[in-house]
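Report on the following structure.
The values are calculated or read from the model by the stated rules, or taken from the named source; none is laboratory data. Given the structure is predicted, the values throughout are model-derived calculations rather than measurements. Cβ sites come from the backbone with ideal geometry, for glycine too, and all protein chains shown count toward neighbours.
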Amino acid sequence: IYDDNAPNGAQVIIDPVIGAAAFDVLDLLLNGNIVDTDFIRPGTENDRHPMTIPNGRLNPAAVNILEVRVSRIGSNTQTSLPPLQVLYNAIRPGNRDLDTVPGHSELQLKLPQDIIDNGLDAGRAAQGVQVSFCYPYCRAHDVIELRMGALTVRFTVLPDEAAQFGGAAPVCIGRTLTAQQFQQAGDSPQFLFAYTVHDQISNGADPSDAFSAPVIIDVDLAGIRRPAPIFFDHPNDTDPAIIDLQQLGNNNLIMLVRTFAPQFAIGDSIKALYGSTSAADFFVEGTVTGQFGQPNPLALEVPNNRVVCADVVTGSYTQSRNGAVIAHSKIANARVVGQALPDLPPPRVLVAPNGVLDPKDNPQGATGRVVVAGFTPGDQVKLIVRGSAGNGSPTFSALPLDAGGQADFALNRGFIAANLGLVVKVSYELIRGAVQKDSQVLELSVLNVTAAPTITSVTSAGGVVPDRGQTYYRSLGITGTGPSGQSVEVLINNVPIGLFAVDAAGVWTVPTRTFTATTHTITVRTTDGSNQSATRIATVLEGLALHVAQFSAQNWAGWTWGGAGRQDDFSWIAHPGQNYYHLHNQTFTNNSSGTVLQRIFSDLTPGATYLLSSGVFRSNTPYVHPRLQLGTSAAHRSPVYTLSVVHQVVSMQLSFVASTSEMTLYYINHEPSGTGNDWDTSHIQLQRMSL
C-alpha cells in the first residue's frame, strides 16, 4: 500500500536495454499511459534504470499492465514483452481500526452463543463449531489467520466467497472448527480466539491493531471442570436461572459452591467471578470449611448494588490448594428481573446549614444535591421543588447519577428571590427502569434578606474581560445580579450611567456601549445608594494607529517569509543612483505563488478601519510579470496588481475593518513561475483611518 508509505511513488527497475545507445528515451507505461520518462545518459548504456509510478496511479479495481517503451534516436521504438501484470490493493483487508479499544474494530469474530455462555466440552466439540469472520474489503484469496488457544489455523477465502477486489460492505466467511483442532489447541478456562487477515499480495490488517478483539471461552474437552455455582436470591429459591430483585430485597446475592470429597477438601480456596453485562467483573473469595473431613457447601456473597434489573449475569470459580490452582468450574447463567429500590433520605441544599438558606451566602444561586446510597448503574433522579408559584417552583429533567451516586441541580437567583421569607419543600424522585420512588422531604427556610447587587461579567465581542483584565475592544457590555423586580444604578469611575432593571431571574444588563481607551472602575448599587458592590476594573487599551516597515534601513520590522517560494529569495538591494535599500524578491522556483510575506498584529482596534499599503515595482528582469495582492487572515483581499512596467512604482492598497485585536496580514503573489517574476518593495504601511 505504497500510497500511504512511499510519498515519492513506487520504484520500478528497468534491466539493461539490449542494444541501448546514449540518449535513447525510456517511457514507463501503466495501463497504456506514460507515467514516467527518462533517457539513457552516456556511460549508462549497460546500467539498470530506476523509474517511478506516481502515487494514486495504480488501479485497485483491475489488473494493471506495466510496460517500458524504448525510443531510439533513429525514431524506431521497442516495447518490453511480455507485459508485466500488477495487482494492487489501496485499502488493507478490514480497512482502518476506528477506535482505541483493544482489537481491530472492523474485524468481527462470531461464535455460537451457547459456547460463549456455557463453554465447550467434548460432546459439543464433536458437533463442530461454526465461526464467522466478517470484515470490509474481504477479497478472494485472502488468508485468514485464526489463533485459537495454543493452535494457529489458516483459511483461504475462495473465489466464490468474495469478490476479487472487495468493497466497503463487510463480507462474512464461515468455517467449521473440528474437535481435533480443539484437542490440538488444548483445554483452558481462558481459551482465546482472535484473528487477523492478509490479502494475496501480503498486505496485512491495520498494523496499529492487526487482530480482532479477543473472544474468550472455557474449553474443557477432558471433562474436569467443577459444577457451576448456583445463584440464590432467597433461601427457598428453586430457579437459579432467575434472580428476582423483589425476592432479593436489600440482601446480597448468594453464589453457592457445591463441595464434595474427594474433589474438594477442607481448606481449599475458592475465587469466584460474578460477571454482568452492565458493570465490570466482580471477584469474591472464600475458604472451604467442614467437619470430620467432609467439606461443607460454600456460600459467597455478591453485593446487592451489583445486581441490576434486566441484567444477564454469569458465575464461575477457580479452586486452589496449597497456593496452586487445581480446577475451574463450569459457568452458571442467570437473568435478573424485578425491581428493588432503597430507602431515600431527603436531598441537601448548598449552602443552607440546618435547612436555612441565606441569600447573602448564595449570590449566584444555590445547589440542590441528591446522593443515593446503594444506587445501581442506570439510575436517574429528578429534583422536586414546591415553593411559590412560577420561579419559586422550578421543574427539572431527570439526571443520571455520577460514579459517587450524586447529582446536582441548580436553584438560581430567581428561585431565591421568589421564595424570600417562605418555607420550600424539596424532595426527589428515584427512577430505576420503569419504577419510581419518592424521597423524604427537606423543609428549606429562605431568609427574607436582600443581597447586595453584584457585577458578574464584563464582556466584549472577544469574550469575557476578567477583573483587572485588558482588552483592545472598545464596545463592552456589563451583567450582574440584584433584587428581582427592582432597578440598580451602575457607575463607571464613580459617574452614574443610568438605572437598569433586574429581571425575574435576578439579572440586570448594561447593553453594549463604547468605552474610551483608559482604565474603567465599575460599581453597582441599589437605587437608594446603599449596598454598593465591590469594584470591577477593566482597561481598554489604545490599539495600533500606525505601523511602517521602511525597508530602506534593511529592517524587516516584524514581517517574515510567508512560505511561498524560498526564504532566501529575499535580499536587500540598492538600486543605481539611490542611497537606500529595497527588499528584493528574486524567484527561483515554480512554487512562488502564495503568501510571500506576513506579519501578526496583536494590538489592532476591533471595529476600526485600517489601510494597508505598500510601494512595489517590477525588477529589471524579463519574462513573467509578478501579480501581487494584499490580504488579511479574515479573508480581506485587495485587487491583484500586475507589475508590467520595469521600475514603475505601484501603490498597492487594502482597506479593511479589524474584526479582532489579533490578525495576520499577508503579501501574496499569484504568479508561480520562477522565470522572471522578480520585484522590489520600498515599504509596507498599516494605518488606522477611523474608529
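Could you tell me whether A162 is buried (at least 16 other Cβ atoms within 10 Å of the Cβ), of a type in the set (G, A, S) and assigned to a loop (DSSP other than H, G, I, E, B)?
yes
When you check V307 against the structure, is it surrounded by 18 or more Cβ atoms within 10 Å (Cβ to Cβ), modelled with pLDDT of 95 or more and more than 19 Å from R225 (Cβ to Cβ), yes or no? Show your work before the answer.
On the way: surrounded by 18 or more Cβ atoms within 10 Å (Cβ to Cβ): yes; modelled with pLDDT of 95 or more: no; more than 19 Å from R225 (Cβ to Cβ): yes.
Answer is no for this residue.
Testing D603 on (1) more than 15 Å from Y666 (Cα to Cα); (2) outside any loop (DSSP other than H, G, I, E, B), one condition comes back false. Which one is that?
(2)
G166 - would you say it is on the phi > 0 side of the Ramachandran plot and not basic (K, R)? Quick ask: steps written out before the conclusion?
On the way: on the phi > 0 side of the Ramachandran plot: yes; not basic (K, R): yes.
It is true that G166 is on the phi > 0 side of the Ramachandran plot and not basic (K, R).
Does any residue in the stretch 151-165 that is of a type in the set (S, T, Y) come within less than 9 Å, Cβ to Cβ, of a residue that is part of a strand (DSSP E or B) six or more places away or on a different chain, and which pairs are these?
If the second residue must be part of a strand (DSSP E or B), the pairs left are T152/E145; T152/L146; T156/V143; T156/I144.
Pairs under 6 Å by beta carbon, first residue more than 19 Å from W559 (Cα to Cα) in the stretch 651-669, partner in a strand (DSSP E or B) and small (G, A, S), six or more apart or different chains?
As it stands, the answer is none, since no pair meets every condition given.
Please count how many residues of the stretch 66-119 are in a strand (DSSP E or B) and crowded, with 16+ Cβ neighbours inside 10 Å. Give the derivation first.
Step one: list which residues in the stretch 66-119 are in a strand (DSSP E or B), which gives 66-71, 77-79, 84-86, 104, 108-110.
Remaining after also requiring crowded, with 16+ Cβ neighbours inside 10 Å: 66-68, 70-71, 86, 104, 108-109.
Total satisfying the criteria: 9.
So is T516 surrounded by 14 or more Cβ atoms within 10 Å (Cβ to Cβ) and polar (S, T, N, Q) or not?
No, not satisfied.
Taking the stretch 123-139 only, how many residues are out of contact with any strand residue (DSSP E or B) (no Cβ under 6 Å at 6 or more places or on another chain) and free of Cβ contacts under 8 Å to residues at least 40 places away in the same chain?
Total meeting the criteria: 3.
Return the total of residues in the stretch 23-56 being of a type in the set (K, R) and in contact (Cβ under 8 Å) with a residue 40 or more places away in the chain.
0
For R147, are the conditions met, namely being free of Cβ contacts under 8 Å to residues at least 24 places away in the same chain, over 29 Å from A241 (Cα atoms) and assigned to a strand (DSSP E or B)?
No; evaluated as a whole, the condition is false for this residue.
Where the second residue is surrounded by 19 or more Cβ atoms within 10 Å (Cβ to Cβ) and aromatic (F, W, Y) and the first is under 12 Å from T479 (Cα atoms) and lies in the stretch 452-465, which pairs have Cβ atoms under 6 Å and are six or more apart or on separate chains?
Listed by first residue and then by second, the contacts come to S460/Y473.
List pairs: first residue in the stretch 1-21 and at pLDDT 85 or above, second residue aromatic (F, W, Y) and part of a helix (DSSP H, G or I) anywhere in the structure, Cβ distance under 8 angstrom, at least six positions apart or on different chains.
G9/Y2; A10/Y2
For A169, indicate whether it is over 30 Å from S276 (Cα atoms), assigned to a loop (DSSP other than H, G, I, E, B) and touching a strand residue (DSSP E or B) at 6+ places or on another chain (Cβ under 6 Å). Please lay out each step first, then the result.
Details: over 30 Å from S276 (Cα atoms): yes; assigned to a loop (DSSP other than H, G, I, E, B): yes; touching a strand residue (DSSP E or B) at 6+ places or on another chain (Cβ under 6 Å): no.
For A169, the condition - over 30 Å from S276 (Cα atoms), assigned to a loop (DSSP other than H, G, I, E, B) and touching a strand residue (DSSP E or B) at 6+ places or on another chain (Cβ under 6 Å) - is not met.
Looking for whichever is in the same structural domain as S80 (by TED's automatic domain parsing), surrounded by 12 or more Cβ atoms within 10 Å (Cβ to Cβ) and under 22 Å from G74 (Cα atoms) here; the options are I53, I40, I34, I18. Which one fits? Give the derivation first.
On the way: I53 fails: under 22 Å from G74 (Cα atoms); I34 fails: surrounded by 12 or more Cβ atoms within 10 Å (Cβ to Cβ); I18 fails: surrounded by 12 or more Cβ atoms within 10 Å (Cβ to Cβ).
Selected residue: I40, the only one of I53, I40, I34, I18 that is in the same structural domain as S80 (by TED's automatic domain parsing), surrounded by 12 or more Cβ atoms within 10 Å (Cβ to Cβ) and under 22 Å from G74 (Cα atoms).
Anything in the stretch 580-613 that is surrounded by fewer than 14 Cβ atoms within 10 Å (Cβ to Cβ) and aromatic (F, W, Y)? List them, or say none.
Y580
What are the residues in the stretch 329-380 that are basic (K, R) and outside any loop (DSSP other than H, G, I, E, B), if any?
Answer for the stretch 329-380, where residues must be basic (K, R) and outside any loop (DSSP other than H, G, I, E, B): R335, R348, K360, R369.
Every residue, every condition in (1) free of Cβ contacts under 8 Å to residues at least 12 places away in the same chain; (2) touching a helix residue (DSSP H, G or I) at 6+ places or on another chain (Cβ under 7 Å), yes or no:
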position: H582; (1), (2): no, yes
position: G594; (1), (2): no, no
position: F601; (1), (2): no, no
position: A635; (1), (2): yes, no
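Starting from the stretch 259-276, keep only residues that are assigned by TED's automatic domain parsing to the domain that holds F292, then list their pairs with residues that are charged (D, E, K, R) and assigned to a loop (DSSP other than H, G, I, E, B) whose Cβ atoms are within a distance under 6 Å, requiring at least 6 positions of separation or different chains.
Correct list of pairs: L273/D281; G275/D281; S276/D311.
Just for the stretch 169-210: of the residues that are among the aliphatic types (A, V, I, L, M) and farther than 26 Å from T318 by Cβ, which one is surrounded by the fewest Cβ atoms within 10 Å (Cβ to Cβ)?
A169
Scanning for something part of a helix (DSSP H, G or I), farther than 10 Å from K382 by Cα, of a type outside the set (A, V, I, L, M) and touching a residue at least 24 places away in the same chain (Cβ under 8 Å), does the stretch 392-413 turn up at least one residue? Working first, answer last.
Of all residues in the stretch 392-413, those part of a helix (DSSP H, G or I) come to 392, 413.
The next check asks that each one be farther than 10 Å from K382 by Cα; those that pass are 392, 413.
Still in the running and of a type outside the set (A, V, I, L, M): 392, 413.
Still in the running and touching a residue at least 24 places away in the same chain (Cβ under 8 Å): 392, 413.
For the stretch 392-413, residues part of a helix (DSSP H, G or I), farther than 10 Å from K382 by Cα, of a type outside the set (A, V, I, L, M) and touching a residue at least 24 places away in the same chain (Cβ under 8 Å): present.
In the stretch 500-545, what count of residues is obtained for those that are in a loop (DSSP other than H, G, I, E, B) and touching a His at 6+ places or on another chain (Cβ under 7 Å)?
0
Could you grab me the full set of residues in the stretch 120-143 that are assigned to a loop (DSSP other than H, G, I, E, B), surrounded by 21 or more Cβ atoms within 10 Å (Cβ to Cβ) and on the phi < 0 side of the Ramachandran plot?
Listed by number, the residues that qualify are C138, R139, D142.
Do you know which residues across the stretch 223-239 are farther than 18 Å from A310 by Cβ and touching a residue at least 24 places away in the same chain (Cβ under 8 Å)? Let's see the steps before the verdict.
Here is the first cut: in the stretch 223-239, the ones farther than 18 Å from A310 by Cβ are 223-230, 232, 234-238.
Result: G223, I224, R225, R226, P227, A228, P229, I230, F232.
Which ones in the stretch 368-411 are surrounded by fewer than 17 Cβ atoms within 10 Å (Cβ to Cβ), within 36 Å of the chain's Cα centre (by Cα) and not hydrophobic (A, V, I, L, M, F, W, C)?
Selection gives R369, G374, P377, G378, T395, S397, P400, D402, G404, G405, Q406, D408.
Which residues, taken from the stretch 116-168, are among the acidic types (D, E) and modelled with pLDDT of 95 or more?
D142, E145, D160, E161
Test V219 against the stated conditions and say whether it is in contact (Cβ under 8 Å) with a residue 12 or more places away in the chain and in contact with a Lys or Arg (Cβ under 9 Å, 6 or more places away or on another chain).
Details: in contact (Cβ under 8 Å) with a residue 12 or more places away in the chain: yes; in contact with a Lys or Arg (Cβ under 9 Å, 6 or more places away or on another chain): no.
For V219, the condition - in contact (Cβ under 8 Å) with a residue 12 or more places away in the chain and in contact with a Lys or Arg (Cβ under 9 Å, 6 or more places away or on another chain) - is not met.
Out of S633, S673, S638, report the one residue that is out of contact with any Asp or Glu (no Cβ under 6 Å at 6 or more places or on another chain), of a type in the set (S, T, N, Q) and surrounded by fewer than 16 Cβ atoms within 10 Å (Cβ to Cβ).
So the residue among S633, S673, S638 that is out of contact with any Asp or Glu (no Cβ under 6 Å at 6 or more places or on another chain), of a type in the set (S, T, N, Q) and surrounded by fewer than 16 Cβ atoms within 10 Å (Cβ to Cβ) is S633.
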